[in-house]
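Chemist: Pasting a structure below so you can have a look.
What follows is calculated from the coordinates using simple rules that are stated; it is not laboratory data. No experiment lies behind these values; they were computed from the predicted model shown. We place every Cβ from the backbone using ideal geometry, glycine too, and count neighbours over all the protein chains shown.
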Ligand SMILES: Cc1ncc(COP(=O)(O)O)c(C=O)c1O
């Protein structure tokens, strides 16, 4: 049992003791609690911190720790809010990928790699090193982000192209890719504008566009990417100048644009004087050969706003990403980004920089990919054994499988039934900005270990069969 769970266990049993004692009773000493529960004093102190945070005890320096009777939760009439809030907004749910699920659920819904795959040791030693830096707790004097981290992101992008295109001045650090997407939409669009997106695409981008009051025009995505002629038509017919896309390992399908599609899209962007928001969320998550370089790497004339996130390769908690682009557009984004998040904590930026510039980073990335590959293969094999589930294509990168369902199955209902039976998945409708061409689910392999796949897929297969 680790220190966290031992502390939680001790806190649980002390909570029961607190319930049967009046307010202001002194808590037994750390030594007594340690002896009674067979744990060390550090674990007891951690348990007491949990109880203090819960508000059931309070610590008075020099006097001890005492039981506090919490005030009963007061009720009040909040019904007036319904009228004041008015109609419900276009965005009223977080996508299923970030929903919390009951303990013990098989987590095929989340795209964040589980701790077993992440470079935890690297992050922990980075944390310790950064904690010793005296200025790590101070507010940053660089609103666009720590200069050394910005340089790292610029170099990473530059090495995918001719070189000499990007430096730290072309980079803004954000708290994750989602914040970067929202910042771009806020800076470049106004409510009522149109944005073009692939279909299917990342639910978080759809939600950000809806929250900004945008109309979303979809262009169909196939295994090879999109048809540049469709993009051209969408931009001109609907008077749009921003296109959100994932050329490499798109979430949810895992597919990659071909070289022809990349060249064709670039022509369209130039001809139509449009911006593309290139969400390179899975740069570190390739499962076969190296991915093609980002389109932004060769973008001399600033058509591409490039987003690279480290939340799925460093840590979902060290939420660091970067937005990279050339030209005055970045100044616009920098100016509006403040509105949402003012500054990204220097602490997390330094931790991210320490990890990506450490000797172990390459090894950590290789370990992550090895783990993801084994999980992908195990999930593909489990799904292929299920007669009602069809893997559209085995992805060479990313975090999940895009699975087609028989025509009459409703992905939302299927998701609810499976969750009831202990398996969380992500229903296809969340990934379509407009009509769905058919029913799908995304089964993620990043967040759950292989040993649970066969049983979980059987649950999905049974639920599908029952719903037909
Ligand atoms: C395609 C895509 N873009 C962006 C994000 C945002 O990730 P984060 O904000 O954790 O960087 C996600 C998260 O799942 C994603 O799947």
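Chemist: Over every pair of different alpha-carbon atoms in the stretch 134-210, take the mean of 1/r and invert it; report that Kirkwood radius in Å. All intermediate terms of the calculation are to be shown ahead of the outcome.
Modeler: Numbers: mean 1/r = 0.0672 Å⁻¹.
Taking the inverse mean of 1/r over all distinct Cα pairs, the stretch 134-210 comes out at 14.9 Å.
Chemist: Across 5 Å bins from the origin, how do the percents of Cα pairs in the stretch 8-121 run, short distances first?
Modeler: Once binned at 5 Å, the Cα pair distances of the stretch 8-121 give 2, 9, 13, 12, 9, 10, 12, 14, 11, 5, 2, 0.
Chemist: How do the peptides 393-400, 209-216 rank, highest first, by the average count of neighbouring beta carbon atoms within 10 Å per residue? Walk me through the numbers on the way to the answer.
Modeler: On the way: 393-400: 22.4, 209-216: 18.6.
Going from most to least packed, we get 393-400, 209-216.
Chemist: In 5 Å bins starting at 0, how do the alpha-carbon pair distances of the stretch 187-229 split up by percent?
Modeler: For the stretch 187-229, the binned pair fractions read 6, 22, 30, 19, 14, 8, 1 percent.
Chemist: Please work out the C-alpha center-to-center distance from the stretch 173-221 to the stretch 374-395 and express it in whole Å.
Modeler: The stretch 173-221 and the stretch 374-395 have Cα centres separated by 30 Å.
Chemist: Moving on. At a Förster radius of 51 Å, what calculated FRET efficiency corresponds to the Cβ-Cβ distance of residue 338 and residue 15, to the nearest 0.05? Walk me through the numbers before you get to the answer.
Modeler: On the way: r = 43 Å, r/R0 = 0.83.
Computed FRET efficiency for residue 338 and residue 15 comes out at 0.75.
Chemist: Given Cα pairs under 8 Å that are at least 6 residues apart, what percent is the relative contact order of the chain? Display every interim value, and only then the final one.
Modeler: Details: 829 pairs, mean separation 89.8, N = 468.
With pairs under 8 Å counted, the relative contact order is 19 percent.
Chemist: Averaged over all directions, how much area does the convex hull of the C-alpha atoms of the stretch 3-67 cover when projected, in nm²?
Modeler: Working: hull surface 15.7 nm².
Over every viewing direction, the Cα hull of the stretch 3-67 projects on average to 3.9 nm².
Chemist: Okay, moving on. Expressed as an acute angle from 0 to 90° and rounded to the nearest 10, what is the orientation of the C-alpha long axis of helix 228-237 relative to the principal long axis of the chain?
Modeler: 90 degrees
Chemist: Ranked from highest to lowest mean number of other Cβ atoms within 10 Å per residue, what is the order of the peptides 52-60, 294-302, 73-81? If you can, show how the numbers build up before the last one.
Modeler: Values: 52-60: 13.8, 294-302: 18.9, 73-81: 6.3.
The densest-packed peptide leads the list: 294-302, 52-60, 73-81.
Chemist: Taking a quarter of the surface of the convex hull around the Cα atoms of the stretch 297-426, what do you get in nm²? Write down the numbers at each step before the final one.
Modeler: Values: hull surface 49.0 nm².
Seen from a random direction, the Cα hull of the stretch 297-426 projects 12.3 nm² on average.
Chemist: Indicate the gyration tensor shape class of the stretch 204-347 (rounded, prolate or oblate), computed on the Cα atoms with a ≥ b ≥ c the square roots of the eigenvalues: a/c under 1.5 is rounded; otherwise a/b larger than b/c is prolate and the rest oblate. Before the final figure, lay out the partial values.
Modeler: Numbers: a/c = 1.59, a/b = 1.18, b/c = 1.35.
The shape class here is oblate.
Chemist: In degrees between 0 and 90, to the nearest 10, how far off the longest principal axis of the chain does helix 453-467 point, with axes built from Cα atoms?
Modeler: Between the helix axis and the principal axis of the chain, the angle is about 70 degrees.
Chemist: Considering every pair of different Cα atoms, what Kirkwood radius, in Å, is found for the stretch 151-263?
Modeler: On the way: mean 1/r = 0.0653 Å⁻¹.
For the stretch 151-263, inverting the mean 1/r across all distinct Cα pairs yields 15.3 Å.
Chemist: Another one. Going by average Cβ neighbours within 10 Å, how do the peptides 149-159, 114-124 rank, with the highest at the top? Walk me through the numbers on the way to the answer.
Modeler: Numbers: 149-159: 19.7, 114-124: 16.3.
Listed from highest to lowest mean packing, they are 149-159, 114-124.
Chemist: Please work out, to two decimal places, the log10 of the ratio I(q)/I(0) at q = 0.09, 0.11, 0.18, 0.19 Å⁻¹ from a Debye calculation in which every Cα of the stretch 66-209 carries one identical scatterer.
Modeler: At q = 0.09, 0.11, 0.18, 0.19 Å⁻¹ the computed log10 ratios are -0.57, -0.83, -1.32, -1.32.
Chemist: If you stretched the chain out fully between residue 5 and residue 300, how much longer would it get, using 0.36 nm times the residue separation minus the C-alpha to C-alpha distance?
Modeler: Details: separation 295, 0.36 × 295 = 106.20 nm, distance 5.24 nm.
Additional length available on full extension: 101.0 nm.
Chemist: Treating the chain as a set of equal point scatterers at the Cα positions, no solvent, please give the Debye-formula log₁₀ I(q)/I(0) at q = 0.08, 0.12 Å⁻¹.
Modeler: Log10 of I(q)/I(0), two decimals: -0.57, -1.15.
Chemist: Treating the angle as unsigned and between 0 and 90°, give the value, to the nearest 10°, between the Cα long axis of helix 346-356 and the longest Cα principal axis of the chain.
Modeler: The angle comes out near 70 degrees.
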